[in-house]
Ligand code: ADP
Ligand code: ASP
Ligand code: MG
């Protein structure tokens with residue numbers, strides 16, 4: 001007998017037939033004698049619709065009300081799945097984030113889970129009941145509903161697995177594992193039977209949506225055994241038979257590739273703050289107010305100045321652009337810039353691999369492969385196991401395919 005958290009993403013609960021299929025899969029685990037807790041996402045497309053409604057009413061909407069709206073998608077699926085399970089004779093009960101004791105910080109729209117009080121759920125699981133927990137949501141210190149950022153149900157699942165001391169956290173999605181790149185845009189992508197926490201963390205943070213970044217961070221910290229599986233196959237992965245991808249410690253991977261994966265993000269926007277005075281304190285003047293407004297900045301470049309003025313370019317999440325423009329406009333006098341230029345037609349492409357620590361030339365291969373396709377690089381950033389470039393959005397797929405081939409990853 002094992003204690004398992006099973007998480008089902010949006011396409012896995014996209015309609016009533018899919019919800020019935022999920023219920024059948026959960027029932028198989030219960031019938032096998034396991035204690036099961038389930039975490040669900042909203043039905044595919046539901047969250048996008050809810051976000052769009054908020055944005056259409058006001059691009060600068062109140063984040064607390066945004067959370068009140070977008071958290072409803074998961075409320076629906078948790079109730080529906082509980083009904084589908086009950087119909088099959090499985091004792092099941094839905095739990096909203098606040099009912100499940102999911103306590104978060106105050107960062108509405110991208111809150112972090114601080115604690116989950118799992119005692120009552122454990123007691124019910126021991127009595128044979130299946131909790132069906134609404135992912136993506138919790139309760140903030142202001143006693144209002146919070147959400148965890150897009151893709152946040154993965155994090156709900158891992159946090160719940162840690163709180164319940166589960167043996168496994170199975171993330172069921174619409175692909176059967178983590179691939180060398182998004183299999184939807186590169187048909188020759190290869191499935192990785194195992195991936196190191198560090199690599200998965202880096203891939204997720206640069207756009208591989210298969211797991212939310214924070215979920216990997218949490219799994220690594222809390223030692224949660226995470227596997228990514230398809231909810232669309234026949235279910236023979238029961239009982240821990242690993243047919244998906246297992247996220248493991250680096251030393252559990254024998255064959256270390258130099259580059260193990262390529263990710264892209266189309267959620268970026270580029271902002272250039274033109275003609276700022278080139279003097280000490282200017283970066284703090286630009287980025288201080290942004291961070292105070294909980295806006296994360298990613299890549300940054302500052303040009304050298306010929307006449308004591310310079311341009312500062314950075315990238316951020318596209319959804320944060322309206323607020324960032326507002327914050328910078330509010331601080332214009334303090335910063336002293338001449339003009340703000342925003343560009344949404346950009347994409348970030350990244351190559352990731354722990355082998356980069358000991359091999360040189362990875363970035364050069366990237367630059368050459370992009371040059372061969374005539375793709376201009378706008379911004380570059382690197383870390384110990386990653387190289388990222390910002391390019392025109394129209395070249396995204398071409399760039400990912402070219403790099404997949406250049407690093408010898410094609411199947
Ligand atoms: P869910 O709704 O189940 O959470 P997501 O859409 O959030 O599913 O994540 C699964 C998607 O992640 C896949 O459909 C795939 O297009 C995308 N993806 C991006 N990069 C990768 C990768 N390296 N391996 C697998 N899937 C990836
Ligand atoms: N429904 C939320 C989203 O679409 C959370 C999730 O699916 O993980 O972002
Ligand atoms: Mg997801």
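Structure summary
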| quantity | calculated |
| --- | --- |
| Segments classed as helices (runs of 4 or more DSSP H), wholly inside the range 113-229, with at least 3 members that are within 13 Å of ligand 2 (Cβ to nearest atom) | 153-163, 213-222 |
| Count - residues of the range 264-287 that are outside any strand (DSSP E or B) and either at positive phi or at pLDDT below 85 (or both) | 1 |
| Only listed residue being surrounded by 22 or more Cβ atoms within 10 Å (Cβ to Cβ), touching a residue at least 12 places away in the same chain (Cβ under 8 Å) and farther than 18 Å from residue 71 by Cα, chosen from 125, 121 | 121 |
| In the range 92-108, residue nearest to residue 217 (Cα to Cα) [restricted to those that are crowded, with 20+ Cβ neighbours inside 10 Å and touching a helix residue (DSSP H, G or I) at 6+ places or on another chain (Cβ under 9 Å)] | 102 |
| Matching residues in the range 225-254 - criterion: being surrounded by fewer than 17 Cβ atoms within 10 Å (Cβ to Cβ), modelled with pLDDT of 90 or more and in contact with a helix residue (DSSP H, G or I) (Cβ under 7 Å, 6 or more places away or on another chain) | 249 |
| Test: residue in the range 255-263 that is at pLDDT below 95, surrounded by 22 or more Cβ atoms within 10 Å (Cβ to Cβ), over 30 Å from residue 43 (Cβ atoms) and away from ligand 1 (no atom under 13 Å from the Cβ) | no |
| Qualifying residue in the range 155-162 (condition: surrounded by fewer than 23 Cβ atoms within 10 Å (Cβ to Cβ), touching a residue at least 12 places away in the same chain (Cβ under 8 Å) and away from ligand 3 (no atom under 15 Å from the Cβ)) | yes |
| Pairs with Cβ under 7 Å, 6+ apart, first in the range 188-215 and without any contact (Cβ under 8 Å) to a residue 12 or more places away in the chain and closer than 20 Å to residue 317 by Cα, second within 14 Å of ligand 2 (Cβ to nearest atom) and assigned to a helix (DSSP H, G or I) | 205/213 |
| Residue match in the range 77-86 (condition: within 25 Å of the chain's Cα centre (by Cα), away from ligand 1 (no atom under 16 Å from the Cβ) and over 18 Å from residue 133 (Cα atoms)) | no |
| Residue ID - farthest from the chain's Cα centre (by Cα), chosen from residues in the range 6-62 that are in contact (Cβ under 8 Å) with a residue 60 or more places away in the chain and assigned to a loop (DSSP other than H, G, I, E, B) | 32 |
| In the range 327-354, the residues that are within 20 Å of residue 207 (Cα to Cα) and either in contact with a helix residue (DSSP H, G or I) (Cβ under 7 Å, 6 or more places away or on another chain) or outside any strand (DSSP E or B) (or both) | 344, 345, 346, 347, 349, 351, 352, 353, 354 |
| Condition broken by residue 59, with the remaining ones in (1) at pLDDT 95 or above; (2) more than 16 Å from ligand 3 (Cβ to nearest atom) satisfied | (1) |
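The values are calculated or read from the model by the stated rules, or taken from the named source; none is laboratory data. Predicted, not measured: the structure shown is a model, and the values here were computed from it. All Cβ positions, glycine included, derive from the backbone under ideal geometry; neighbour counts span all protein chains shown.
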